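The values are calculated or read from the model by the stated rules, or taken from the named source; none is laboratory data. None of these values were measured; they are calculated from a predicted model. Because the Cβ atoms are built from the backbone with ideal geometry, glycine has one as well, and the counts that use them run over all protein chains shown. Ligands, DNA and RNA are excluded from the accessible area calculation, which covers all protein heavy atoms including side chains. Shrake-Rupley method; radii C 1.70, N 1.55, O 1.52, S 1.80 Å.
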Amino acid sequence: MLNNFGTTRRAVARATGPALMAAFIICCGISARGQDETAWSASSAHNQLFRVVDHPMGDNNGVSLWVRGDGSEAAMRVRLMIVDPDKVTPDTVLERPMWISTPLKLHSDWTHIVLPRSKFTLHRLNDVSDAVDPNLPADAQGGTQAAPEQISFSDVNAIVLETDVPNNTTMAVDDINWVKVDDSGTINGTAAVDNFESGNLAAWIPLGDADDQKPLSYSLITKPAWVHDGKVALKISVVAPAARRKGILMSGVERQMAITQKSYLVFQPVSLFATVLPSTLPEPGGSSSAVSVVMCADQIQAATFCVYSRKALSNVHASLEDDLYGTGHILRKSNLDVNVVKVWQRLGDGLVRDPDQAGLNPELIVKDDRVALSGMSPDIPLSGPAATDIPADSTKQFWITVNAPRNTAADDYNGKIVLRSAGNAPISVPIDVKILPMRLMNPAKQYAIDLRSRLDPAPDTVPAADGSAFVTDFVSPDVLKEQLEDIVDHGVHYTSIHDPVSTLWDAYDDRVAAGFLPPFVYQGSSDPHDVESQRNDHHAGEFIYYEDPSNSGESKLATLAKNGLPTATYVDDSAEYDNLQDDLDTVIYNRDCDYSEQLIRTHGKRVSMKHDWWYWNATNDDPHANRYSAGFLLERSHLYGAFIPVYQLAFGTDPYDDSSPGAPDAYALYRPEMLTYPTAHGVIDTIQWEAVREGINDDRYLTTMYAALRECKDAHVAKKASDDAQAFITAFMDKPLALLSDADYEAARAKIAGYAVTLRTTVDAYNRAHGGG
């Protein structure tokens with residue numbers, strides 16, 4: 001079975017919904033009035049504070065709290081859920097099911113809010129159907145109707161205070177209680193959740209990544225007007241993104257543009273995979289206007305830069321207009337590719353279409369982000385300069401890919417990227433590419449991907465009503481070769497084959513010619529025994545035969561194993577592995593299953609000695625998770641490698657449309673699962689696919705450093721450098737890797753590269769001096 005799991009870093013409670021019924025509200029004093037309901041804005045800052053409560057809801061049936069605002073039009077709603085207290089960490093992912101209250105407008109005086117059970121709505125994985133199993137990706141749901149999980153409101157033991165902040169806001173919360181409310185709204189009993197006099201402020205956890213948490217601060221307050229009944233309340237302050245941009249960030253931009261006397265600013269985002277939207281501005285403290293790349297020969301490395309413009313720039317073209325020059329060496333401009341990042345609307349970032357999570361997302365890496373995209377064969381340029389428009393008072397992100405051939409000499413190569421636009425002076429962006437004096441090794445881990453693309457003719461109706469065929473499954477030989485080249489360029493050398501025997505060996509030959517290695521994972525419709533017989537006749541490399549253990553797949557695995565065919569499948573947890581292990585040669589674990597988590601905690605202390613990989617849903621719009629899942633976290637697990645479940649899979653008729661019609665009923669809820677997007681002549685890259693490559697590159701640097709470290713220890717040279725390198729990598733790999741930022745990963749890679757160069761240089765000199773080379 002294939003699992004779909006949330007990211008371990010992005011601690012976001014992803015459950016929103018339409019406005020609910022009005023809650024019963026009692027104001028301060030003895031009189032009562034109706035609390036104003038308010039719309040929940042998709043464009044405002046949403047901030048969340050979470051805590052596990054010492055005791056569950058029990059025989060209570062609601063929650064009460066006192067709140068006050070500052071008149072800034074902020075709103076609040078309450079989420080309730082059931083969590084395992086022993087598993088709550090700063091990277092806790094709060095998933096559905098959960099109960100969510102209506103958004104309530106905050107006033108500038110104290111208001112008593114009472115929310116009985118009847119004023120909460122239970123939200124599961126999605127708000128359309130209970131047929132979705134949250135532990136399965138879309139293509140593994142199989143149209144089965146999963147029974148709704150049976151959960152009880154009495155078991156609620158965690159609460160989230162979620163704010164909707166259109167402007168800078170300060171609010172206070174006091175005296176949160178579980179309550180027992182009768183039909184008339186009378187409270188007949190209470191159990192304290194937190195009164196902030198005897199409560200534990202440290203129990204409250206801000207949710208989200210660093211960008212989510214940056215605008216939010218919270219503390220205890222004793223100012224009388226901001227305390228309801230007692231001496232202390234919880235103060236929550238939020239700086240709205242629009243206000244922060246207009247004030248703090250824009251003032252810094254204006255200062256920098258005044259210095260340069262330009263109406264634009266070139267800047268670097270905080271890290272390679274930081275989210276850059278048209279409203280993004282550089283953080284205070286300055287940002288480089290140059291692009292700096294550090295890499296090795298025989299490596300492909302991404303870089304990025306942004307341009308903010310006060311005035312509108314039309315028909316902007318960005319390209320490297322000359323080669324890069326080092327000290328006696330040249331890096332040809334044909335080895336650098338400049339693109340623009342397309343920001344577009346998505347219906348969420350997970351498995352299902354989620355209108356409540358709709359918003360802009362920077363995803364596509366294209367030559368021209370103005371070209372409309374639809375269907376299977378949009379005619380979009382894949383080469384040449386990047387082209388775009390930059391509206392007034394907005395930011396555009398550009399993406400650079402540097403491909404250093406194997407024979408590239410170690411040197412510092414300098415050049416410039418030039419942006420030309422109608423009626424404006426050119427914008428020059430310096431670029432420096434430093435090639436390290438070191439051969440970068442292949443990664444120690446193995447990387448595979450499920451490539452569904454087939455060469456056999458498509459059926460008359462696609463998507464097929466039974467879910468057996470989708471529009472992205474059928475490609476021409478030319479497009480297949482472009483896909484295969486793209487996958488190899490991203491560092492993946494193992495793949496699946498879905499072709500029937502009629503086109504199987506053409507598909508196999510194309511993969512071998514592109515550089516893919518055996519074993520190949522066969523997931524096609526032909527009988528594995530027939531495929532294995534033909535494989536022997538073709539003297540082809542080893543195949544592994546995949547079966548889904550659901551839908552009688554368990555017995556098929558047993559039959560294959562009994563007949564001596566190597567088998568593989570996806571495994572959810574240790575219990576499923578125990579049931580299947582006798583029939584499995586290769587195990588592909590859910591990255592978030594109990595065994596994978598055990599390996600992460602113990603730095604790879606193995607229980608099973610089978611050939612084992614892990615997988616995760618890399619098509620979710622979370623490049624950060626893709627990087628650590630393919631890189632440092634995978635290395636820490638000591639698994640053999642990573643298997644990425646899908647390269648392209650659209651369920652409706654249009655892979656570019658999250659709400660595309662035409663999907664079979666069983667798949668109508670799902671967003672397209674796309675690491676790349678199809679075009680008439682190849683593929684469009686995505687930021688999440690680039691993040692997979694960065695993770696693989698992280699592992700290549702680790703592998704190279706470990707090899708040099710081992711050789712230095714064997715030769716008894718560079719003891720201090722070896723000890724320093726060992727101490728650094730031991731300390732780094734012991735950190736909560738999923739919680740680190742991309743900037744942390746980039747800093748760690750730079751340290752690893754530095755140690756690797758020092759150790760390699762030392763041991764190579766030793767070997768030469770002692771006749772070893």
Revision key, fill the gap. Among strands (runs of 3 or more DSSP E) entirely within the range 339-438, at least 1 residues that are of a type in the set (S, T, N, Q) and either surrounded by 15 or more Cβ atoms within 10 Å (Cβ to Cβ) or touching a Leu at 6+ places or on another chain (Cβ under 6 Å) (or both) occur in 358-366, 386-390, 394-404, 411-420
Check your understanding: In the range 464-496, what residues are open to solvent by less than 20 Å² (accessible area, probe 1.4 Å), free of Cβ contacts under 8 Å to residues at least 60 places away in the same chain, within 20 Å of residue 690 (Cβ to Cβ) and assigned to a helix (DSSP H, G or I)?
Key -> 484
Check your understanding: Taking residue 639, is it open to solvent by less than 40 Å² (accessible area, probe 1.4 Å), of a type in the set (A, V, I, L, M, F, W, C), part of a helix (DSSP H, G or I) and in contact with an Asp or Glu (Cβ under 6 Å, 6 or more places away or on another chain)?
Key -> no
**Study point:** Any chance residue 217 is open to solvent by 60 Å² or more (accessible area, probe 1.4 Å) and either small (Gly, Ala, Ser) or touching a Pro at 6+ places or on another chain (Cβ under 6 Å) (or both)
**Key:** yes
Point to revise | Failed item in (1) in contact with a Lys or Arg (Cβ under 6 Å, 6 or more places away or on another chain); (2) at pLDDT 85 or above; (3) over 30 Å from residue 666 (Cβ atoms), with residue 112 passing the rest | key: (1)
Revision key, fill the gap. Among the residues of the range 238-251, the number that are surrounded by fewer than 18 Cβ atoms within 10 Å (Cβ to Cβ) and small (Gly, Ala, Ser) is 3
Review point. Restricting attention to the range 653-672, which residues are open to solvent by less than 50 Å² (accessible area, probe 1.4 Å), hydroxyl-bearing (Ser, Thr, Tyr), more than 13 Å from residue 472 (Cα to Cα) and in contact (Cβ under 8 Å) with a residue 40 or more places away in the chain?
Key: 667, 670
Study note, to complete from the structure: Of the residues in the range 297-334 that are among the aromatic types (Phe, Trp, Tyr) and buried (at least 18 other Cβ atoms within 10 Å of the Cβ), the one that is farthest from residue 436 (Cα to Cα) is 308
Study note, to complete from the structure: Exactly one of 185, 199, 208, 189 is over 23 Å from residue 68 (Cβ atoms), modelled with pLDDT under 90 and open to solvent by less than 60 Å² (accessible area, probe 1.4 Å), and that one is 208
Check your understanding: Hey, residue 258 hits all of (1) open to solvent by 30 Å² or more (accessible area, probe 1.4 Å); (2) touching a residue at least 40 places away in the same chain (Cβ under 8 Å) but one; which does it fall short on?
Key -> (2)
Point to revise | For residue 745: the one exception among (1) modelled with pLDDT under 95; (2) of a type in the set (Ser, Thr, Tyr); (3) within 17 Å of the chain's Cα centre (by Cα); (4) closer than 26 Å to residue 437 by Cα | key: (1)
Check your understanding: Going by the conditions given, is residue 273 crowded, with 19+ Cβ neighbours inside 10 Å, in contact with a Cys (Cβ under 7 Å, 6 or more places away or on another chain), of a type in the set (Phe, Trp, Tyr) and modelled with pLDDT of 90 or more?
Key -> no
Review point. Regarding residue 548, is this residue touching a strand residue (DSSP E or B) at 6+ places or on another chain (Cβ under 8 Å), more than 30 Å from residue 701 (Cα to Cα) and either open to solvent by less than 60 Å² (accessible area, probe 1.4 Å) or at pLDDT below 95 (or both)?
Key: yes
Practice item. Could you grab the pairs with beta carbons closer than 6 Å, sequence gap of 6+ or different chains, first residue in the range 750-773 and in contact (Cβ under 8 Å) with a residue 40 or more places away in the chain and basic (Lys, Arg), second one outside any helix (DSSP H, G or I) and buried (at least 20 other Cβ atoms within 10 Å of the Cβ)? Key: 760/438
Point to revise | Selected residue [farther than 22 Å from residue 410 by Cα and among the β-branched types (Val, Ile, Thr)] from 752, 729 | key: 729
Revision key, fill the gap. Selection over the range 593-609 where residues are open to solvent by 30 Å² or more (accessible area, probe 1.4 Å), more than 14 Å from residue 575 (Cα to Cα) and assigned to a loop (DSSP other than H, G, I, E, B) yields a count of 5
**Study point:** Hey, residue 731 in a helix (DSSP H, G or I), free of Cβ contacts under 8 Å to residues at least 12 places away in the same chain, closer than 30 Å to residue 206 by Cα and not charged (D, E, K, R) or not
**Key:** yes
Review point. From 721, 765, 750, 743, which residue is farther than 22 Å from residue 638 by Cβ, part of a helix (DSSP H, G or I), open to solvent by 20 Å² or more (accessible area, probe 1.4 Å) and touching a strand residue (DSSP E or B) at 6+ places or on another chain (Cβ under 7 Å)?
Key: 750
Review point. Any residue in the range 273-280 that is assigned to a strand (DSSP E or B) and aliphatic (A, V, I, L, M)?
Key: no
Check your understanding: If we scan the range 571-580, do we find a residue that is open to solvent by less than 20 Å² (accessible area, probe 1.4 Å), in a strand (DSSP E or B) and touching a residue at least 60 places away in the same chain (Cβ under 8 Å)?
Key -> yes
Practice item. Could you grab me the full set of residues in the range 304-330 that are touching a Phe, Trp or Tyr at 6+ places or on another chain (Cβ under 8 Å) and either assigned to a strand (DSSP E or B) or without any contact (Cβ under 8 Å) to a residue 40 or more places away in the chain (or both)? Key: 304, 305, 306, 307, 308, 309, 313, 318, 324, 325, 330
Exercise for review: Assess whether residue 82 counts as being at pLDDT 85 or above, over 23 Å from residue 171 (Cα atoms) and either surrounded by 19 or more Cβ atoms within 10 Å (Cβ to Cβ) or of a type outside the set (Lys, Arg) (or both).
Suggested key: yes
